[in-house]
Amino acid sequence: MCGICGALHLSGGRVAPEIVDRMRDTMVHRGPDDMGGWASDGGTVAMGHRRLSIVDLSAAGRGPMSNESGRIWLSFNGEIYNHKQLRKGIEDRHRFRSNTDTEVIIHLYEERGLDVLRSLRGMFALSLWDEDRQRLLLARDRVGEKPLYHTEVDGQLVWASEIKALLAHPSVRPDLDEESLAHYLSYGAVPAPRTLLRGISKLPPGHMLVWEAGRRPEVSCWWSPLDAARLSGPLRDEQETVLRLRELLTDSVTERTMADVPHGLFLSGGVDSSLILAILTAALGRSVRTYSIGFEEQPRFDERGIAADVAQRFGADHTEVVLSPREAREAVPELVFAQDEPLSDWVCIPLMMLARAVRKAGTIVVQVGEGSDELFSGYPRYRRYANLSPLWNGYMGVPLALRRAAASAVGPLLGSLGSMREPADLFYRAGRDEPLFISGAVAHWEREKWNMLSGRGRSIAAGQPSSAGLAGGHQSTYWRTLADGDYAGAMGYQDLMIRLPELLLMRVDKMTMLSSVEARVPFLDHRVVEMAFSIPQDFKIRGGRTKHILKEAAGPLLGSDIIDRPKVGFDVPLSSWLREPELGGWAETTVMESKLHQRDLFDRDALRHLFRSHAAGKADFGYRIWNLVNLSAWYDHWVA
């Protein structure tokens with residue numbers, strides 16, 4: 001795992017290699033083991049590379065790396081799990097100097113050009129320079145496990161694994177993208193291709209950027225999970241689906257043991273991480289290192305006992321970490337540094353602490369269970385909305401004028417009740433002719449967002465409703481491609497496009513890489529993803545049972561006591577901690593005294609009311625408050 005960066009002069013001028021080196025060295029945490037740099041003979045392009053050594057720990061793995069002639073150069077961040085198989089097919093035609101997956105990509109590109117991406121099974125962000133074609137390729141893996149940011153300044157295209165590396169370029173100046181703020185307040189992260197910084201973009205998952213001499217950079221999609229689902233059609237036999245899914249997950253978990261360094265697992269004791277542990281234990285034939293986290297005096301959120309039971313069952317070498325409110329508050333400056341742009345998910349804090357403990361224990365690679373809920377309908381909201389969808393479709397047949405009237409009459413009444421925030425937003429959205437589902441988790445519903453903005457903030461947000469974040473028409477694409485009625489699949493697809501890559505996977509990537517730990521996500525093997533979108537809704541949600549098909553696949557490996565345990569979810573007691581004077585007071589000060597208010601985007605009285613209502617227990621606004629704390633602390637650190 002690595003940090004990559006680079007710059008290309010779009011009109012043939014020279015870039016400054018020393019600036020690229022400076023960008024590279026903001027990311028030492030992504031690659032503490034080695035570093036490298038390269039610039040073309042004409043100075044048109046330069047690349048930087050920081051290396052976390054995972055496979056082939058020798059100096060032969062240093063990046064950027066070239067082919068034999070030095071005409072193709074690659075800076076690569078990620079892991080290609082099928083690189084040994086790919087190498088066998090081409091090693092008689094190329095001279096290899098290392099055992100790395102990086103070199104396999106270079107030689108495959110020589111033979112297949114841009115189609116090389118389709119051969120790769122794994123996670124990655126890469127930049128490749130082809131001197132003969134005068135071509136630059138930037139690419140991000142299929143589901144967005146690895147980030148890649150880019151911008152244009154002074155006639156140059158500049159890119160990096162982290163925004164802070166871009167900000168090390170003297171011509172890149174941080175400024176808030178006020179139009180993206182509305183989406184952050186809704187989703188807790190900004191949907192690609194935008195970020196919260198004006199002029200800085202992120203490459204969407206499954207996309208590539210190609211520049212060739214004489215042309216503008218062009219971004220295009222090279223993979224969609226719907227393509228395979230459309231070609232294969234829906235799976236009809238449940239038992240066959242169970243067997244295929246179990247076999248595919250076993251292969252995915254086993255592949256992700258590929259490493260020349262110690263390997264472990266984040267274990268919660270739920271179905272997802274427990275299944276990974278069961279497969280790992282069988283595949284490795286030895287004890288697996290497992291790590292879990294708990295919280296002081298918060299039994300409802302503390303899964304250490306459950307995780308310890310599962311670890312004992314499979315003979316794991318288990319480690320526990322305990323997090324206190326004080327540690328949560330003290331973690332925020334480091335959190336802001338690591339995130340680059342705010343991620344409104346308080347799970348970032350325990351992930352950061354857990355990764356630190358993992359690295360201290362000498363483990364460099366961990367597997368994590370992200371992605372399962374999106375693919376197999378594990379969230380209660382999926383079940384709820386799937387049941388609601390027929391009623392919603394009927395209601396949307398009511399004339400728009402009547403729906404608008406209902407939104408005006410019923411919406412405010414429901415919105416005044418803390419427990420009815422979500423139904424109130426549904427009435428508002430129906431009155432605007434917007435979709436039923438926008439995300440598996442929402443920080444501020446539309447009316448809530450509107451009520452806390454100033455007049456200026458409202459005028460900006462008016463053109464950016466929450467549903468506008470469904471970039472690229474994701475839901476409409478899904479409905480056109482797959483059979484009608486698969487509401488669970490549509491919701492999972494929506495989250496796969498926005499919430500998973502830009503919030504959940506970024507919290508994993510950035511919190512683990514801060515401690516130089518590599519996280520791998522077996523549920524997001526693209527073959528598993530493609531299969532999931534061929535599985536019908538009644539295989540995923542059976543009666544009141546979420547993730548039905550996955551639980552059936554995992555049953556023989558785990559047992560009913562783990563499979564049927566009520567879903568808890570990886571959560572943090574920050575909502576209750578924010579009612580305590582010390583942490584709550586600090587949060588309010590962070591938000592109310594932020595320099596962000598110089599931009600006149602928020603109604604400060606409305607924000608004070610939010611804090612007072614939460615502190616008094618009148619409503620649970622913890623997630624909304626944390627969204628604002630992240631935003632304010634980030635702005636004061638990176639922008640003000």
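For the reader, a short list of remarks on this structure follows.
- In the range 539-640, counting only helices (runs of 4 or more DSSP H) that sit wholly within it, the ones holding 2 or more residues that are hydroxyl-bearing (Ser, Thr, Tyr) span 574-577, 581-592, 622-634.
- Restricting the first member to the range 509-534 and to residues that are under 15 Å from residue 354 (Cα atoms), and the second to residues that are part of a loop (DSSP other than H, G, I, E, B) and of a type in the set (S, T, N, Q), the beta-carbon pairs closer than 8 Å and six or more apart or on different chains are 517/363.
- With respect to the stated conditions, residue 322 is more than 20 Å from residue 518 (Cα to Cα), surrounded by fewer than 18 Cβ atoms within 10 Å (Cβ to Cβ), under 25 Å from the mean Cα position of the chain (by Cα) and of a type in the set (A, V, I, L, M).
- Condition check for residue 87: closer than 20 Å to residue 519 by Cβ and either without any contact (Cβ under 8 Å) to a residue 40 or more places away in the chain or buried (at least 19 other Cβ atoms within 10 Å of the Cβ) (or both): no
- Restricting the range 388-424 to residues that are at pLDDT 90 or above, part of a helix (DSSP H, G or I) and not hydrophobic (A, V, I, L, M, F, W, C), the residue that is farthest from residue 451 (Cα to Cα): 394
- Scanning the range 227-243 for residues that are surrounded by 15 or more Cβ atoms within 10 Å (Cβ to Cβ) and under 23 Å from residue 81 (Cβ atoms) yields 228, 229.
- Scanning the range 445-467 for residues being in contact (Cβ under 8 Å) with a residue 40 or more places away in the chain, part of a helix (DSSP H, G or I) and either assigned by TED's automatic domain parsing to the domain that holds residue 190 or among the hydroxyl-bearing types (Ser, Thr, Tyr) (or both) gives a total of 1.
- Residue list for the range 348-386, restricted to those being in a loop (DSSP other than H, G, I, E, B) and surrounded by 19 or more Cβ atoms within 10 Å (Cβ to Cβ): 363, 364, 368, 369, 370, 371, 377, 378, 379
- Elements of type strands (runs of 3 or more DSSP E) in the range 194-275, at least 1 residues being closer than 29 Å to residue 114 by Cα: 207-212, 218-221
- Single residue of 634, 577, 586 found to be touching a Lys or Arg at 6+ places or on another chain (Cβ under 6 Å), under 30 Å from residue 450 (Cα atoms) and not assigned by TED's automatic domain parsing to the domain that holds residue 175: 586
- Residue, nearest to residue 260 (Cα to Cα), within the range 79-123, restricted to residues that are at pLDDT below 95 and of a type in the set (Gly, Ala, Ser): 98
- Contact annotation: residue pairs with Cβ atoms under 6 Å, 6 or more positions apart or on different chains, pairing a residue in the range 319-348 that is on the phi > 0 side of the Ramachandran plot with a partner that is of a type outside the set (S, T, N, Q) and modelled with pLDDT of 90 or more, are 340/162; 340/163; 340/164.
- Test: residue 219 is among the aliphatic types (A, V, I, L, M) and free of Cβ contacts under 8 Å to residues at least 40 places away in the same chain: yes
- Single unsatisfied condition, residue 523 versus (1) within 25 Å of residue 190 (Cβ to Cβ); (2) of a type outside the set (S, T, N, Q); (3) modelled with pLDDT under 95: (3)
Residue-by-condition table, conditions (1) out of contact with any Leu (no Cβ under 8 Å at 6 or more places or on another chain); (2) over 30 Å from residue 241 (Cβ atoms):
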{"site": "303", "(1), (2)": "yes, no"}
{"site": "309", "(1), (2)": "yes, no"}
{"site": "313", "(1), (2)": "yes, no"}
{"site": "333", "(1), (2)": "yes, yes"}
{"site": "340", "(1), (2)": "yes, yes"}
{"site": "385", "(1), (2)": "no, no"}
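- Number of the condition not met by residue 305 [criteria: (1) surrounded by fewer than 16 Cβ atoms within 10 Å (Cβ to Cβ); (2) modelled with pLDDT under 85; (3) outside any helix (DSSP H, G or I)]: (3)
- Comparison of 49, 29 shows that the only residue that is within 12 Å of residue 161 (Cβ to Cβ), in contact with a Phe, Trp or Tyr (Cβ under 9 Å, 6 or more places away or on another chain) and either in contact (Cβ under 8 Å) with a residue 40 or more places away in the chain or surrounded by 21 or more Cβ atoms within 10 Å (Cβ to Cβ) (or both) is 49.
- For the range 72-90, the count of residues that are closer than 30 Å to residue 215 by Cα and either outside the structural domain of residue 214 (by TED's automatic domain parsing) or assigned to a loop (DSSP other than H, G, I, E, B) (or both) is zero.
- The single condition among (1) touching a residue at least 40 places away in the same chain (Cβ under 8 Å); (2) hydrophobic (A, V, I, L, M, F, W, C); (3) crowded, with 24+ Cβ neighbours inside 10 Å; (4) under 17 Å from residue 520 (Cβ atoms) that residue 310 does not satisfy is (4).
- Of all residues in the range 173-210, those that are surrounded by fewer than 21 Cβ atoms within 10 Å (Cβ to Cβ), among the β-branched types (Val, Ile, Thr) and under 21 Å from residue 26 (Cβ atoms) total 0.
- Of all residues making up the range 511-527, the number that are out of contact with any strand residue (DSSP E or B) (no Cβ under 9 Å at 6 or more places or on another chain) and buried (at least 24 other Cβ atoms within 10 Å of the Cβ): 1
- Selected residue (criterion: modelled with the highest pLDDT) from residues of the range 480-490 that are assigned to a loop (DSSP other than H, G, I, E, B) and charged (D, E, K, R): 486
- Residue match in the range 491-508 (condition: surrounded by fewer than 23 Cβ atoms within 10 Å (Cβ to Cβ) and assigned to a loop (DSSP other than H, G, I, E, B)): no
The values are calculated or read from the model by the stated rules, or taken from the named source; none is laboratory data. Everything numeric here is computed off the predicted structure, so don't read it as measured data. No Cβ is skipped: glycine too gets one built from the backbone with ideal geometry, and neighbour counts run over all protein chains shown.
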